[in-house]
Amino acid sequence: MLSLDKLKSTGKKATRDGFGAGLKAAGDKHDNVVMLTADLRGSMKSEDFINTYPDRFIQVGISEANMMGIASGLATGGKIPVTTTFANFSTGRVYDQIRQSIAYSDKNVKICASHAGLTLGEDGATHQILEDIGMMRMLPGMTVINPCDYNQTAAAVQAIVEHHGPVYLRFGRPGWPVFIPEDTKFEIGKALPLSEGTDVTIFATGHLVWKAVEAARQLEEEGISVDLINIHTIKPLDEEAVIASAKKTGAVVTCEEHNKYGGLGSAIAECLSKHAPTPQEYVATDDTFGESGTADQLLAKYGLDTPDVVAAVKRVLKRK
């Protein structure tokens, strides 16, 4: 068990940098790992892998649908293909190919998607995607993972390569606090408790885990005891951890850089409605597209910042 006093930022690194580090480590261990990209090798921070294993790198150009088809074929031949492009182009642009050629036939393809959510920033609504978690978790057999910092992303890449089956791994563009200890074990489908509390549960994923950490510290100073849990794997959801915490605290807040429909909040609500009905508040975008701006500006404008987590906690406590 980690604790709030141990969760200190050691600096900022992008989660996409963690992807690059994890891919190189996975490639060192498994000689059947093959990387594909749709004209975004630099943005994916994958140069170490490409320079070390140039014969295991395929540049398909701006042809994302073709990339998914090639990946399916490589998986059929025993390779472990890792596809890379922005989250918007990894899902919305190629959903048919993923559904028909990868998910339906349970292909061992790892769909690795950078620049997710609002924190893509200045590129605006056409490149940001806030629906991808919902889209991907509805596909039968698809594992959906959304790590929170550099270290957790690097560990997640190595874990998904070891896992057999299709995976959607989502991460981001901006420099972000690194706070999960490097030696923390990453288990697909197993929630990571960050603090123990009795008044309210905060379930958070991706970049919003750090915002939840900041909020939990403030709430603890105000005498509110927070059970903080990092849900890095949204599917399969760690229902046992979700139910136990909700029953303990009697109040739940979910935090995600995603639409309030279809993402982490929906997954938690589905679980609790069946097993442990609990008051719940959402920190998520409210059925809207994004816009251009810096990552910090957009998180604040769309209600995904630390004060928004604190406010959601205080709302849900009134409903206990």
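Given the criteria within 21 Å of His115 (Cα to Cα), of a type outside the set (Ser, Thr, Tyr), open to solvent by 30 Å² or more (accessible area, probe 1.4 Å) and outside any strand (DSSP E or B), does Gly18 qualify?
So Gly18 does not fit the description; no.
Within the range 87-133, restricting attention to residues that are open to solvent by 40 Å² or more (accessible area, probe 1.4 Å) and of a type in the set (Asp, Glu), the residue that is nearest to the chain's Cα centre (by Cα) is Glu131.
Residue by residue, here is whether (1) open to solvent by less than 10 Å² (accessible area, probe 1.4 Å); (2) assigned to a helix (DSSP H, G or I); (3) at positive phi; (4) in the same structural domain as Met68 (by TED's automatic domain parsing) holds:
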site	(1), (2), (3), (4)
Met135	no, yes, no, yes
Gly141	no, no, yes, yes
Ala154	no, yes, no, yes
Val157	yes, yes, no, yes
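Look at Val252 and say whether it is of a type outside the set (Phe, Trp, Tyr), within 17 Å of the chain's Cα centre (by Cα), open to solvent by less than 20 Å² (accessible area, probe 1.4 Å) and in the same structural domain as Ala311 (by TED's automatic domain parsing). So Val252 fails the test. Restricting attention to the range 164-185, the residues that are open to solvent by 10 Å² or more (accessible area, probe 1.4 Å), touching a Ser or Thr at 6+ places or on another chain (Cβ under 7 Å) and without any contact (Cβ under 8 Å) to a residue 60 or more places away in the chain add up to 0. Scanning the range 172-206 for residues that are charged (D, E, K, R) and either within 13 Å of Tyr150 (Cα to Cα) or within 13 Å of the chain's Cα centre (by Cα) (or both) yields Arg173, Glu182, Asp183. Condition first: touching a Gly at 6+ places or on another chain (Cβ under 8 Å), on the phi < 0 side of the Ramachandran plot and either at pLDDT 95 or above or part of a loop (DSSP other than H, G, I, E, B) (or both). Can you find one or more residues in the range 178-185 that meet it? Within the range 178-185 (the criterion being touching a Gly at 6+ places or on another chain (Cβ under 8 Å), on the phi < 0 side of the Ramachandran plot and either at pLDDT 95 or above or part of a loop (DSSP other than H, G, I, E, B) (or both)), the answer is yes, since at least one residue qualifies.
May I ask you to verify whether Asp48 is open to solvent by 60 Å² or more (accessible area, probe 1.4 Å), within 22 Å of Gly165 (Cα to Cα), in contact (Cβ under 8 Å) with a residue 24 or more places away in the chain and not assigned by TED's automatic domain parsing to the domain that holds Gly263? Taking the combined requirement at face value, the residue does not satisfy it.
Being under 30 Å from Ser195 (Cα atoms), open to solvent by less than 50 Å² (accessible area, probe 1.4 Å) and assigned to a loop (DSSP other than H, G, I, E, B) holds for only one residue in Leu23, Leu2, and it is Leu2. Considering only residues in the range 292-318 that are farther than 16 Å from Leu130 by Cβ and in contact with a strand residue (DSSP E or B) (Cβ under 8 Å, 6 or more places away or on another chain), the one that is surrounded by the fewest Cβ atoms within 10 Å (Cβ to Cβ) turns out to be Arg315.
The values are calculated or read from the model by the stated rules, or taken from the named source; none is laboratory data. All figures in this text were calculated on a predicted structure; none of them were measured in a lab. A quick note on method: Cβ atoms are made from the backbone with ideal geometry, for glycine too, and the neighbour counts reach across all protein chains shown. Heads up: the accessible areas ignore ligands, DNA and RNA and are worked out on the full protein's heavy atoms, side chains in. Shrake-Rupley method; radii C 1.70, N 1.55, O 1.52, S 1.80 Å.
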